[in-house]
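Each remark here refers to the structure printed beneath this line.
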Amino acid sequence: MSSALLRFYDRLRDPASQAAARGEPRVEGFDALRDHKYCLLVTYRRSGEPVPTPVWFGLDGAGRLYVRTPTGSGKVKRVRADPRVLVGPANARGKPLGPLAEGHARVLADAAERDDAEGTVQANYGLGRRVFEALFASRGEATTYLVVTPT
């Protein structure tokens, strides 16, 4: 994704996402995400500064959250350096719509795990996501899946 597009998304982000990212987790588990299309994923820079990002996600039956993102994204780099995350329901701009919960994220390396992750994310969106992906997804850009488990 181009740096100009990333700056554009940063300007669109709701300011309330930053306040939520700096707050304390208020719930355990990811049940608050059910019936939502976006979640606020808060990852941490090496300095400890939180970085809130609204993302599409999928929840599996065991309460794990899956996120698909470009391989070179900041989220992937930050999760590799520090697996602590906060997660909560949000709108497309990142405005929190419920409480945040603590989680532990990791990058999925196994092909079977990635297939399961894609199926879980797709199940939350259906045809709308497939159309979006066909029209707007970066062609040929490598993608990575993150799995987040509640702590």
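Scanning region 91-103 finds one or more residues that are within 20 Å of residue 126 (Cβ to Cβ) and polar (S, T, N, Q). Taking residue 6, is it aliphatic (A, V, I, L, M), modelled with pLDDT of 95 or more and closer than 18 Å to residue 68 by Cα? For residue 6, the condition - aliphatic (A, V, I, L, M), modelled with pLDDT of 95 or more and closer than 18 Å to residue 68 by Cα - is not met. Spot the failing condition for residue 68; the list is (1) in a loop (DSSP other than H, G, I, E, B); (2) in contact with an Asp or Glu (Cβ under 9 Å, 6 or more places away or on another chain); (3) at pLDDT below 95, and only one is missed. Of (1) in a loop (DSSP other than H, G, I, E, B); (2) in contact with an Asp or Glu (Cβ under 9 Å, 6 or more places away or on another chain); (3) at pLDDT below 95, only one is false for residue 68: (1). The set of residues in region 82-116 being under 23 Å from residue 37 (Cβ atoms) and part of a loop (DSSP other than H, G, I, E, B) consists of 91, 92, 93, 94, 95, 97, 98, 99, 100, 108. Looking only at residues that are free of Cβ contacts under 8 Å to residues at least 60 places away in the same chain and within 16 Å of residue 102 (Cα to Cα) in region 35-44, which one is surrounded by the fewest Cβ atoms within 10 Å (Cβ to Cβ)? Residue satisfying both the conditions and the ranking: 44.
The values are calculated or read from the model by the stated rules, or taken from the named source; none is laboratory data. Since the model is a prediction, treat every value here as computed from it, not as a measurement. When we count neighbours, we look across all protein chains shown, and the Cβ atoms used for this are built from the backbone with ideal geometry, even at glycine.
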